[in-house]
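Working notes for the structure below.
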Amino acid sequence: MQNLFNRTRGRWRLALLLLLMGLAGCGRSYPEMVDRSGIELLAALRTACNTQSPERLARVAEKIAEHHQNGTLNDDHFKAFEAIIALAESGEWKQAEECCFAFQQAQVR
């Protein structure tokens with residue numbers, strides 16, 4: 001019975017992850033950032049995903065939260081970052097890096 005519960009819970013987590021990806025992850029356009037610090041955070045997040053480093057990811061996630069709290073990162077940007085972080089935290093490092101790349105490409109206009 002416990003095994004069935006764990007599989008069901010795992011499916012719900014996957015469904016939530018896919019929903020997050022759809023809402024703020026890859027497959028949609030990303031908001032343009034005008035603040036240089038947001039672009040630097042994005043580069044740091046991509047590095048954390050590329051190296052598959054949970055420690056780096058945690059440091060970048062903390063900095064992203066700080067920038068959101070002090071107003072240098074708006075809600076749309078924060079949600080996009082959070083979706084990418086959720087991917088990486090779930091072990092979907094490659095997908096998270098691909099989302100970072102798409103987010104970076106949206107900044108080149």
- In the range 70-109, which residues are among the small types (G, A, S) and either buried (at least 22 other Cβ atoms within 10 Å of the Cβ) or not in a helix (DSSP H, G or I) (or both)? G71, A80, A83, A88, S90, G91, A96
- Item | Every pair of residues 6+ apart whose Cβ atoms lie under 9 Å, when the first sits in the range 30-46 and is farther than 10 Å from L73 by Cα while the second is in a loop (DSSP other than H, G, I, E, B) and charged (D, E, K, R) | E32/R109
- Query: Among the residues of the range 49-96, how many are acidic (D, E) and closer than 15 Å to G38 by Cα?
  - Reply: 5
- Message: Whether any residue in the range 19-32 is among the hydrophobic types (A, V, I, L, M, F, W, C) and modelled with pLDDT of 60 or more is what I want to check.
- Response: yes
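Pull up the range 30-52, narrow it to residues that are part of a loop (DSSP other than H, G, I, E, B) and within 14 Å of the chain's Cα centre (by Cα), then point me to the one that is surrounded by the most Cβ atoms within 10 Å (Cβ to Cβ). If you could, list the steps in order and put the result at the bottom.
Residues of the range 30-52 that are part of a loop (DSSP other than H, G, I, E, B), as a first pass: 30-35, 52.
Keeping just the survivors that are within 14 Å of the chain's Cα centre (by Cα) gives 30-31, 52.
Working: Y30: 21, P31: 16, Q52: 14.
Per the criteria, the residue is Y30.
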- Task: Please work out if I64 is in a helix (DSSP H, G or I) and within 18 Å of V108 (Cα to Cα).
- Result: no
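The values are calculated or read from the model by the stated rules, or taken from the named source; none is laboratory data. Since the structure is predicted, the reported quantities are computational estimates derived from the model, not experimental observations. Neighbour counts run over all protein chains shown; Cβ positions are idealised from the backbone, glycine included.
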